[in-house]
Amino acid sequence: MSSALVVRAPLAWLEAGSLVPDVVVVVERGLVAYAGPAAEAPPSADAEEVDVDGFLMPAVADRHVHVGLADPATVVLRGVTAVRDCGWPADVIFPLADASELPSFTGPLIRAVGPILTAPGGYPGRERWAPPGTSLEVHDPGEAARAVQMLAGRGAVAIKVSLNADAGPTPSDADLEAICSAAAESRLPVVAHVEGAGQTERALGAGVREIAHTPWTESLSDSAIQALAKRTRIVSTLDIQSFGGDTPEVRTAVDNLRRFHEAGGIVLYGTDLGNGPIPPGVDVREVLLLREAGLPTEAILQSMSRGPLQRNAPGDLLALGRNPFEELDAFDDVRLVVRGGRVVG
Ligand SMILES: [Zn+2]
């Protein structure tokens, strides 16, 4: 096997503000060694060379999946090389996340939050999609803090908390504060499932850093939008509100996200793969809904990218048959997927 991979393309988006014609990306030992004009590329002996007639960009990260309900091999074949699992039993998902780091793994790199912290009897404990262990009930602030420490020790990349008032009880304010302060001590962000009147404000008040779905159950107040934009990121998951149709829920979510983006908030691409008929890999409907929410193409690409294509970034690449700055549905036309310097699709 070659020690390096060299990919050439007529056009690439490397990062914000960097659209480069006649480009070369060199990946060595899994990391980008060079990304830029072909004329300035370093010589590379003993490299596997791939010429792609299309548009090159960083591969996609999906920040909200339930990979146990999906086919990891298809996810990576269709352009998504990294996912964050947002709720699954610890004894299944953390070993799978470890396994996903090996070159032999057929699928994306998996990062995980583990089980979702919830109130006794709270969401998603009784959901049909959620196997036992998908949620972890906390009864008091001390137990909440210990649950966070346990998950941090198992390798969680964030702490997920359920604030779904429409489906059952939610953690008390004291439990929520204990979760957020224990997570801060472990240097982990708290990501909240927010559903039902007033729950976004509760998440904000407790110091939640990320919202797992664009809120869809109510039109948020301007002050809530401003506070969200300053203090949190939102994972989009717009398509689960309609799966390609038109519903009041998707209208509300798109409008909330449009106002959040206008207020300067950071949008992260995420699909909630595993929840209903979301296609594995890049979900073009999600991309088109981000456009409806007012994101320019470059902001959409930023929300989707695993990272900028620069030296020492992950060697994860995606090539499309067309230019998404001209045709946003180009994400339907995946021509090449590279994960960690290996051609995987
Ligand atoms: Zn989910």
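The values are calculated or read from the model by the stated rules, or taken from the named source; none is laboratory data. Given the structure is predicted, the values throughout are model-derived calculations rather than measurements. Positions of Cβ are backbone-derived with ideal geometry, glycine not excepted, and every protein chain shown enters the neighbour counts. To get the accessible areas, we keep the full protein, side chains included, count just its heavy atoms, and leave off ligands, DNA and RNA. Shrake-Rupley method; radii C 1.70, N 1.55, O 1.52, S 1.80 Å.
Key figures
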item	result
Directionally averaged projected area (convex hull, Cα atoms, the chain), nm²	16.3 nm²
Kirkwood hydrodynamic radius (C-alpha pairs) into Stokes-Einstein, the range 38-164, 4 °C and 1.567 mPa s, D in µm²/s	78 µm²/s
The range 187-345 shape via C-alpha gyration tensor axes, a/c threshold 1.5	prolate
D (Stokes-Einstein, µm²/s), Kirkwood Cα radius, the range 239-328, 0.692 mPa s at 37 °C	230 µm²/s
Cα centroid separation, the range 275-345 to the range 175-200 (Å)	29 Å
Helix-derived mean residue ellipticity, 222 nm - over the chain, DSSP H n ≥ 4, -39500 (n - 2.57), to 500	-8000 deg cm²/dmol
Within the chain, longest stretch clear of exposed trypsin sites (Lys or Arg not before Pro) (DSSP loop, no more than 16 other Cβ within 10 Å)	188-310
Kirkwood Rh and Cα Rg combined as Rg/Rh, the range 107-216	0.93
More than 18 Å apart - percent of Cα-Cα pairs taken over the range 179-279	45 percent
Exposure ranking of ASP46, ASP175 by accessible area [1.4 Å probe, largest first]	ASP46, ASP175
